[in-house]
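Heads up: the structure comes next, in structure tokens.
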Amino acid sequence: MAEGGDNGSPKSSPLTPYEEALEALSSLITKRTRVGDVNMEERFSVLFQYLKARKLFMLELEEAISNMKIIHVAGTKGKGSTCTFTESILRNCGFRNGLFTSPHLIDIRERFRLDGVEICEEKFLAYFWWCYDRLKEKTDDSVPMPTFFHFLALLAFKIFSEEQVDVCIMEVGLGGKYDATNVMQAPIVCGITSLGYDHMEILGNTLGEIAGEKAGIFKHRIPAFTVTQPDEAMNVLKDKASQLNVPLQVTAPLDVKLLSGLKLGLEGQHQYVNAGLAVALCSTWMNINGHLEETHLKQIQHTLPEQFVKGLATASLQGRAQIVRDEHINNEISNELFFFLDGAHSPESMEACARWFSLAIRDHNLTLFSQKPDPSKFSNEVVKTHGGEAQKSAQILLFNCMSVRDPQILLPHLMKTCADHGVYFKKALFVPGLSLYHKVGSHALTPTDSNIDLSWQFTLQKVWENLMQGNKGKNNGVASEDLTGMEMSVSNCEHSAVFSSLPLVINWLRDRVQQNKSTRFQVLVTGSIHLVGDVLKLIKK
């Protein structure tokens, strides 16, 4: 198979069996567009044809899905974190679980987790080809092959049914009503995380419209939980719940005292909101399935079981408030390069990201330098290393976002929140994404291309420069420093630069570390979960 297939046709670079599966999966990715002539309702209705056992169709998953004990989670912000907390809690309670999330950062198998671990390559291949080959054989013009995400959701149901998990935690990909995960008819409990403005070209231009799409996961009489929402969104959620006789409850953020002195496994103050929702989902799921008595269910609001605390404290999720040291930097030099990774891409999550980064670098510098800096100027504080050599830290922003998002909203939220905490970036770097949107796997990386369209990156740079000009005199006296080596960039301005590829940015940063022995570089990577994934691919090689 690795030599080019049964027909003997030569291939320029032989593929492994796993790469062959990723090639087949890539063929299901439609032309990438956020808006278009796609009828989401019509496409969603076709999903039920793939599940059928009668006639020629197809995957025979109807009964399996109906027997699953599913927790279904939608929302704008925090649904991945909420699902992660939920999975960790129930796993620590002794339940075998399956977790389906999106997107992945490095490997497609991250989307399918069994007992907290991404599915192994052998099982993935077996389940993938079972679904793919059967669909390829049975589909036709009237019922075509499913699209990329639809296929992944179907694959998740197949994996979790065959693996006989006790609980299946499904994160909605986009919206709710017409999301592929919503083919389930009877989940055990549903959750709606914080709502905000995102994917408006698909979900609507108001919070009410967006809430209506998310509430599409509500099912008749199935209990549901949400967090505190803006009135416009909450009113829609309550109305939708009333129409379906859904007992909808609003959860409070988790009280830190319930953690018995431990910290949440996911960083950021906003995670207490997600943790509170996860506790409600888990306790309700356990109660309905006979694993938690009603009296104990009520006590959980005041005292968390030890397994719940351990689950919350040990939860982990790549690309969300994650700090990674660049291992390529020579350990013999005293300064280092750290990447602070967060896939924030909405105004609210950008603020949360900025708060996390600002506090994280203070704690980071306290740990690294073992000396307390002035909290009003800690982002540029000169301190002493253990050897007595003067050292300082410098913050750099590495940013990209999709063109459907508004940098005139995102970047001011980021800049102001950081500034409120005394953090000012030496330079903002703008770069196109590395991954191709029509491919997955190791072949899904673009080569360095000097002819790549950088018009969007120039737009981002212009927004940043205008913001910096407007904020002159408000930056606590921190002057912009021109960092050397800018010949590697295609556009260098006073406060920012545009690079044509991510590898060039990483190389430039590594050069700066080598040439600035007294500076420790801390790079905030945000604006796109795909950019975060691309950075992880490069620095973890």
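Test of understanding: among 339, 308, which residue is under 17 Å from residue 95 (Cα atoms) and of a type in the set (Phe, Trp, Tyr)? Just a single option satisfies the conditions, and that option is 308. Among residues of the stretch 196-213 being within 21 Å of residue 44 (Cβ to Cβ) and either aliphatic (A, V, I, L, M) or buried (at least 23 other Cβ atoms within 10 Å of the Cβ) (or both), the one that is modelled with the lowest pLDDT is 200.
Would you confirm whether any residue within the stretch 235-256 is of a type in the set (Gly, Ala, Ser) and in contact with a strand residue (DSSP E or B) (Cβ under 7 Å, 6 or more places away or on another chain)? Please lay out each step first, then the result.
The initial filter retains those residues of the stretch 235-256 that are of a type in the set (Gly, Ala, Ser), namely 241-242, 252.
Still in the list and also in contact with a strand residue (DSSP E or B) (Cβ under 7 Å, 6 or more places away or on another chain): 241.
Scanning the stretch 235-256, I find at least one residue that is of a type in the set (Gly, Ala, Ser) and in contact with a strand residue (DSSP E or B) (Cβ under 7 Å, 6 or more places away or on another chain), so the answer is yes.
Counting only helices (runs of 4 or more DSSP H) that fall entirely inside the stretch 258-328 and contain at least 1 residues that are surrounded by 22 or more Cβ atoms within 10 Å (Cβ to Cβ) and among the hydrophobic types (A, V, I, L, M, F, W, C), the qualifying elements are 271-288, 306-314.
If I go through the stretch 504-530 residue by residue, how many of them are open to solvent by less than 40 Å² (accessible area, probe 1.4 Å), more than 12 Å from residue 394 (Cα to Cα) and not hydroxyl-bearing (Ser, Thr, Tyr)?
Result for the stretch 504-530: 6.
Within the stretch 141-183, the residues that satisfy the criterion of being part of a loop (DSSP other than H, G, I, E, B) and either at pLDDT 95 or above or surrounded by 24 or more Cβ atoms within 10 Å (Cβ to Cβ) (or both) are 146, 163, 164, 165, 166, 172, 176, 179.
One line per residue, one yes/no per condition, for (1) open to solvent by 60 Å² or more (accessible area, probe 1.4 Å); (2) touching a Cys at 6+ places or on another chain (Cβ under 8 Å); (3) not small (Gly, Ala, Ser):
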| position | (1), (2), (3) |
| --- | --- |
| 215 | no, no, no |
| 226 | no, no, yes |
| 252 | yes, no, no |
| 255 | yes, no, yes |
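With the requirement that a residue be modelled with pLDDT under 85 and surrounded by 12 or more Cβ atoms within 10 Å (Cβ to Cβ), what does the stretch 390-403 give you?
Looking only at the stretch 390-403, we keep the residues that are modelled with pLDDT under 85, and these are 390-392.
391, 392, listed by residue number.
Scanning the stretch 120-140 for residues that are over 27 Å from the mean Cα position of the chain (by Cα) and open to solvent by less than 30 Å² (accessible area, probe 1.4 Å) returns 135, 139.
In the stretch 346-369, the condition of being open to solvent by 30 Å² or more (accessible area, probe 1.4 Å), part of a loop (DSSP other than H, G, I, E, B) and modelled with pLDDT under 95 is met by no residue.
Answer yes or no: is there a residue in the stretch 29-51 that is surrounded by fewer than 15 Cβ atoms within 10 Å (Cβ to Cβ), farther than 18 Å from residue 170 by Cβ, at pLDDT 95 or above and not hydroxyl-bearing (Ser, Thr, Tyr). Checked the stretch 29-51: no residue is surrounded by fewer than 15 Cβ atoms within 10 Å (Cβ to Cβ), farther than 18 Å from residue 170 by Cβ, at pLDDT 95 or above and not hydroxyl-bearing (Ser, Thr, Tyr). Among the residues here, residue 117 qualifies as without any contact (Cβ under 8 Å) to a residue 12 or more places away in the chain and within 25 Å of residue 18 (Cβ to Cβ).
The values are calculated or read from the model by the stated rules, or taken from the named source; none is laboratory data. Quick caveat, the model's predicted, so the values are computed rather than measured. Cβ sites come from the backbone with ideal geometry, for glycine too, and all protein chains shown count toward neighbours. Please note that ligands, DNA and RNA were not included when accessible areas were found on the heavy atoms of the full protein model with its side chains. Shrake-Rupley method; radii C 1.70, N 1.55, O 1.52, S 1.80 Å.
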